[in-house]
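Some notes on the structure that comes next.
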Amino acid sequence: MHTESDDTKRLRKRTKAAAIMILVFIPLTILFGVYFLNDRKYYIISLLIICYTMIPFIMVFERRKPQARELIIIAVLIAIAVAGRAAFFMAPQFKPVIAVVIIAAVCFGAEAGFLVGAMTGFVSNFFFGQGPWTPWQMFCFGMIGFLAGVLFQKGLLKRTRKQLCIFGGLSTFFIYGGIVDLWTIFMVSPKPEIETAILVYGTALGFNAIHAFATVVFLYILANPMIEKLERIKIKYGLLE
């Protein structure tokens, strides 16, 4: 007999699989690319991250086949994030990507949030330039989406504009800024010292603050109307249930 507890168990199974991919396999793959591939095979690393991302996302459909409209809405969210990043190409760090990723995670779950984030980083860099930084950006965008989805599922993150803005600003500054700057440190020296870390993080402080501010602004403007419309679509068509 199908019960609500069965659904809860399946959700934990998917989330656990996604957490293993995100916290173990993806960082190990990125570090493998840095130390064993000399940080030059970034296309291979990026594609591996996409493959890892797809596994927990596909598990969302373990009891039924995915419908085209469910995949289309994810593709549309990725396209919106990519277009938003491209539209503000003249404003360094002032981008709506993380705001869209958080909205996707809140509406469609942690797995979808990570997929939207990772794919946005990969696709948008065909416009901004692919490089060894791409896997790190994919991981950061996706990680924020996954965390937003998990916190929302646990009731620790509400759909209120205030909470989304606070989470968005903090996660952008500390998670995205902290991890991407870590790549910069590795790029400067394969065996970084504390002085290098202080210099890199100190230099990037202003850029990370602008990026965090941009996420707050875009969440303040976009969160309520986008979530309202996505929830209507989700309920009407039973998306990703």
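Only the coordinates and a few stated rules stand behind these numbers; no lab work does. Keep in mind it's a predicted model, so treat the numbers as computed, not measured. No Cβ is skipped: glycine too gets one built from the backbone with ideal geometry, and neighbour counts run over all protein chains shown.
Trypsin sites (Lys or Arg not before Pro) within segment 131-238: which are DSSP loop residues with at most 15 other Cβ atoms inside 10 Å? Here the sparse-neighbourhood loop sites are Lys154, Lys158, Arg159. Beyond 25 Å, the tail of the calculated P(r) for the chain holds 40 percent of the Cα pairs. Normalised size of segment 169-240, defined as Cα radius of gyration per 2.2 N^0.38 Å with N residues, equals 1.62.
Using the Stokes-Einstein relation with a Kirkwood hydrodynamic radius computed over Cα pairs, the translational diffusion coefficient of segment 95-216 at 10 °C and a viscosity of 1.306 mPa s comes to 109 µm²/s.
Comparing Ser171, Ser189, Ser124 in a Gaussian network model of the chain where C-alpha atoms under 10 Å apart are linked, the largest mean-square fluctuation is found at Ser189. On the beta carbon distance between Met187 and Lys236, with R0 = 51 Å, the FRET formula returns roughly 0.60. Relative to the longest principal axis of the Cα atoms of the chain, helix 134-153 runs at roughly 40 degrees. Seen from Tyr220, the other residues with C-beta closer than 14 Å to its C-beta sum to a net charge of +3, counting Lys and Arg as +1 and Asp and Glu as -1. Taking the 0 to 90 degree range and rounding to the nearest ten, how far is the long axis of helix 110-128 tilted relative to the main principal axis of the chain, both from C-alpha atoms? Long axis of 110-128 versus the principal axis of the chain: about 40 degrees.
Checking the cross-link pairs Lys95/Lys154; Lys13/Lys234; Lys16/Lys229 against a 26 Å limit on the alpha carbon distance flags Lys95/Lys154; Lys16/Lys229 as lying beyond it. Could you work out the relative contact order of the chain? I mean the mean sequence separation of Cα pairs under 8 Å and 6+ apart, divided by the number of residues, in percent. Computed value for the chain: 21 percent relative contact order.
The alpha carbon centroids of segment 183-241 and segment 24-51 are separated by 21 Å.
Relative to the longest principal axis of the Cα atoms of the chain, the long axis of helix 68-87 lies at roughly 30 degrees.
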